[in-house]
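Structure record follows, encoded as structure tokens.
The values are calculated or read from the model by the stated rules, or taken from the named source; none is laboratory data. Note that this is a predicted model, so its numbers are computed, not measured. Cβ atoms come from the backbone with ideal geometry, glycine included; neighbour counts cover every protein chain shown.
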Amino acid sequence: MIKIFHALICAFAIVFFLEACAQKKDQKMIYLSEHYKKFPYDIYEPDKTYELKDYLREISGLSYYTENSLLCINDEKGIIYKFNHKKKEVTKKYEFDKPGDYEGVEMVDSLVYVLRSDGRIFKVEHLKEKSINSVKRRTNLSAANDTEGLGYDPSTNSLLVACKGSPAHSNKYQGKRAIYEFSIDKNELSKTPKYLIDQDQIRKILEFNAYSRFSVRLMENINPSQGDITFQPSAVAVHPITKNLYVVGSVGKILVVLNPQGEILAIVKLKRKIFRQPEGICFTPDGTMFISNEGRGSKANILKYSFKQ
């Protein structure tokens, strides 16, 4: 009996030790600035994982729609999908335009906006009716900018457009990643970025915070022929409670959190076994976070996270 008791104690001690090691390892994967005390999501422990059908294997954008539904976009088809996460299935499809490289979707009031990789923005009306209407708006961004992220900032009633590629048409902002502002009221894109994310700053932050092996991989991401690919935004969303900006980068597997002034509050390394190819992010009004992953040879999925205030 005593031997069994000692064996149980040893077993519990081992489990406690392994959990403590795992927590320390996870802490090293998350950088927090001195103004940001705690990352409010258990990023490596999603509450739920929703696997998607093959027609959403290339899921590239997410938006909050209703209490139980999200809007999804596929980067190959001009179709908006309504995904009911309570029923765990797509309940409706809305065809708004011909096939193309669509990368972002955002619901604003009764309108839906879709972003194409060449900088064009589609305004889709009458989504809840049988016949929908789509209006295409050209911006001063192009395929060279590779626009991939689309979010909504209610404080300015503007869409946020994140560039995965070149931050501008000229050589301006080299080494930076740009997020532009599209005014819904004026129906036009800002001439200069609202946010600029410095990739060199990201590398320095992570190296300073003991990302030893990761820092080596970051330095390998500097390719003279392609430029700096440390971080390439693929999705962007404004948190409904904190008002901070969440920017996901599939290339680099990083989630960056900025305050409304554009200062880096947190950098989270996204584990590849959980985030195969993160391409979409959105929040519900209570702060619940959803992140979508393209399939990459497997099934695409959507991850759900509760907000830890």
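Close contacts from the stretch 138-150, counting a first residue that is more than 15 Å from S190 (Cβ to Cβ) and a second that is among the acidic types (D, E), with Cβ to Cβ under 6 Å and a gap of 6+ residues or different chains, come to S142/D118; A143/D118; E148/E103.
Just a yes or no: is a residue in the stretch 101-122 in contact (Cβ under 8 Å) with a residue 24 or more places away in the chain, surrounded by fewer than 21 Cβ atoms within 10 Å (Cβ to Cβ) and among the acidic types (D, E)? Among the residues of the stretch 101-122, at least one is in contact (Cβ under 8 Å) with a residue 24 or more places away in the chain, surrounded by fewer than 21 Cβ atoms within 10 Å (Cβ to Cβ) and among the acidic types (D, E), which makes the answer yes.
Taken over the stretch 231-249, the criterion of being among the β-branched types (V, I, T) and surrounded by fewer than 24 Cβ atoms within 10 Å (Cβ to Cβ) is satisfied by V238, I241, T242. Applying the criterion of being in contact with a Ser or Thr (Cβ under 7 Å, 6 or more places away or on another chain), of a type outside the set (G, A, S) and within 16 Å of L141 (Cβ to Cβ) to the residues of the stretch 154-207, the residue that is surrounded by the fewest Cβ atoms within 10 Å (Cβ to Cβ) is E181.
Would you please name the residue that is modelled with the lowest pLDDT, looking only at residues in the stretch 237-255 that are assigned to a strand (DSSP E or B) and small (G, A, S)? The selected residue is S250. Anything in the stretch 250-264 that is in contact with a Phe, Trp or Tyr (Cβ under 7 Å, 6 or more places away or on another chain) and surrounded by fewer than 20 Cβ atoms within 10 Å (Cβ to Cβ)? List them, or say none. Matches in the stretch 250-264: L258, G262.
Does Y55 meet the test of being free of Cβ contacts under 8 Å to residues at least 40 places away in the same chain and in the same structural domain as I202 (by TED's automatic domain parsing)?
When the stated conditions are applied, Y55 passes them.
Of all the residues that make up the stretch 62-78, how many are within 19 Å of T147 (Cβ to Cβ) and at pLDDT 95 or above? Give the derivation first.
Filtering the stretch 62-78 for residues within 19 Å of T147 (Cβ to Cβ) gives 62-63, 71-78.
Then keep just the ones that are at pLDDT 95 or above; that gives 62-63, 71-73.
Final tally of qualifying residues: 5.
Being modelled with pLDDT under 95, of a type outside the set (S, T, N, Q), crowded, with 18+ Cβ neighbours inside 10 Å and more than 11 Å from the chain's Cα centre (by Cα) is a description that does not apply to G297.
Among the criteria (1) loosely packed, with under 10 Cβ neighbours inside 10 Å; (2) modelled with pLDDT under 85; (3) among the charged types (D, E, K, R), the one K25 does not fulfil is (1). Within the stretch 256-273, residues that are in a loop (DSSP other than H, G, I, E, B) have Cβ atoms under 7 Å from residues that are hydroxyl-bearing (S, T, Y) in these pairs: G262/Y195; K271/Y44, counting only partners at least 6 apart in sequence or on another chain.
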